[in-house]
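Here's the structure we're looking at; comments come further down.
The values are calculated or read from the model by the stated rules, or taken from the named source; none is laboratory data. Just so you know, these numbers come straight off a predicted model, no measurement behind them. Neighbour counts are summed over all protein chains in view; Cβ atoms, including those assigned to glycine, are modelled from backbone coordinates with ideal geometry.
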Amino acid sequence: MGGGNEIPKTNRILPVPNSTASYWRSKPHRLDEYRSTEHLPSQADITIIGTGIAGVSTAYHLLDIKTHNDTPPPSILLLEARQVCSGATGRNGGHIKKLPSTIVELIEGLGETAAGEVVKFIRENIYGVKRVIEKEKIEAEAELRRSFDVSLDEEDAREVKREYERELESGFPLTEDLQFVGEEFAERVRIDPSAITSLHGAKAGLSTPVLSLWPYKFVTQLLERVLSKGTANLQTNTAVTAIETHDDDGGYTVTTNRGQVKTPIIVFATNGYTAGLLPQYHNIITPTKATASHITVPANKPAPQYFSNTYNIRYSKNRVDYLNPRPDGSIVIGGGKWTYEKERELWYDVYDDSTLIEPARHYFDGLMQRHFRGWEDSGAETESVWTGIQGVTKDGMPHIGKVPGAKGQYILAGYNGGGNALAFLAARAVARMIREGISFEQTGVPKCMETTRARLDAGKA
């Protein structure tokens, strides 16, 4: 047996127990700590590590693909270190959107052609998730809405307008999805729903389509569909601690805290924890800690205005919160990064989501009253605050495809906080590469997202 990916003791980036309680996980599904079999199977055709949106979607696509030669579906083992969907997917903002305000950064970093491919791919993910929810009759409070990026700073508003007009003039792809709202209408309430933000002091708003949903409900119900096929095995509370290569057949032995599994194919849907299992991704996909909250209104208070839109609140170019209204009138808000950003030891290269980030603990208190018209006397309270671990890459793109130099290893990780908007179709791409044997170029995923030796080398430079 060869060396493989044995994990150095100094590199044990693994999910920690007792993670903070996320609102999305407040109603545990019956599969939350489920094990398909009492004991770990001794082998599997494909082993998927991670049961967030990336891992579960990969399993779904693997079993949904119909091959031409009627090959029987593969046996799939899903390994989860903690509970189902207890990582980033169960801790995020519940958005699937393309951020119009980041299009400029994409163009500057990738050029117009590649940036257009990224924006198009995100749009395809929005409707891809919508279609599978409808097809599989998943109840995840999914709503196709508009989402506003609202500028509260005058200079930022002017810059957003300039860039929007520049994109229109250049014919940048999918600008037909965007709508700019100037200061005259930006703060108004109960006028044309496509031209409101309701934020005090709004200088401009740029809106785009968004799919908001309850991510935990989406993933757990999609997982139900996977397990109903009969060839997938789920093992929760089963942490992978080492991966070794077989010298004789090139397959792998996956070691967990509950035993070993032999498998020829491994899919790493491990996001911020990737470097703990694939050391070559150390400093390539870095775990970073972020904060979100759930805001409610007391029962003895009249319900304030219900929002049909979601928001990114831009206090300035580099200070942004996100806000996702729920159907019951409560709000999920995330952000507050600038309260702790300079204290990098609190959040950068941190994979412990069992504690809060102290400077942000009370950041969300009173936020709705301060910023939204009609909420001043709402009595809105911070019902819960939690943290989650993102996977951040130096070039801002995820790593998708075959792990360079490793036969039978695939990765989809490093979403920079945007996994909801990318993972479902990234998973389909990886599934097609495995089942159909197609190349990355044939998957439809933007080339800039392919994990390559060149990107690994560049990230370490």
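Looking at this structure, is Ser384 in a strand (DSSP E or B) and not assigned by TED's automatic domain parsing to the domain that holds Ser19? Considered against the rule, which asks whether it is in a strand (DSSP E or B) and not assigned by TED's automatic domain parsing to the domain that holds Ser19, Ser384 comes out as yes. Being in the same structural domain as Arg428 (by TED's automatic domain parsing) and either crowded, with 21+ Cβ neighbours inside 10 Å or part of a loop (DSSP other than H, G, I, E, B) (or both) holds for only one residue in Gly417, Gly379, and it is Gly417.
Between Lys407, Lys402, Lys394, the distinction of being without any contact (Cβ under 8 Å) to a residue 60 or more places away in the chain, farther than 30 Å from Val297 by Cβ and either not assigned by TED's automatic domain parsing to the domain that holds Thr263 or not small (Gly, Ala, Ser) (or both) belongs to Lys402 only.
Conditions tested, residue by residue: (1) at pLDDT 95 or above; (2) more than 16 Å from Arg225 (Cβ to Cβ); (3) small (Gly, Ala, Ser).
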site: Gly55; (1), (2), (3): yes, no, yes
site: Thr71; (1), (2), (3): no, yes, no
site: Leu78; (1), (2), (3): yes, no, no
site: Arg82; (1), (2), (3): yes, yes, no
site: Gly90; (1), (2), (3): yes, yes, yes
site: Ile103; (1), (2), (3): no, yes, no
site: Thr113; (1), (2), (3): no, yes, no
site: Glu124; (1), (2), (3): yes, yes, no
site: Lys137; (1), (2), (3): yes, no, no
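The residues on offer are Tyr348, Tyr410, and the sole one that is buried (at least 18 other Cβ atoms within 10 Å of the Cβ) and more than 23 Å from Trp24 (Cα to Cα) is Tyr410.
Just to be sure, is Ala458 hydrophobic (A, V, I, L, M, F, W, C) and crowded, with 21+ Cβ neighbours inside 10 Å? So Ala458 fails the test. Here Pro359 clears all of (1) part of a helix (DSSP H, G or I); (2) under 24 Å from Ile96 (Cβ atoms) except the condition numbered (2).
Residue-level check: of (1) among the polar types (S, T, N, Q); (2) touching a Leu at 6+ places or on another chain (Cβ under 9 Å); (3) more than 25 Å from Glu436 (Cβ to Cβ), Asn237 misses just (2). Please verify whether the stretch 440-452 includes one or more residues that are within 21 Å of the chain's Cα centre (by Cα), among the charged types (D, E, K, R) and under 24 Å from Val226 (Cα atoms). No, the stretch 440-452 has no match at all.
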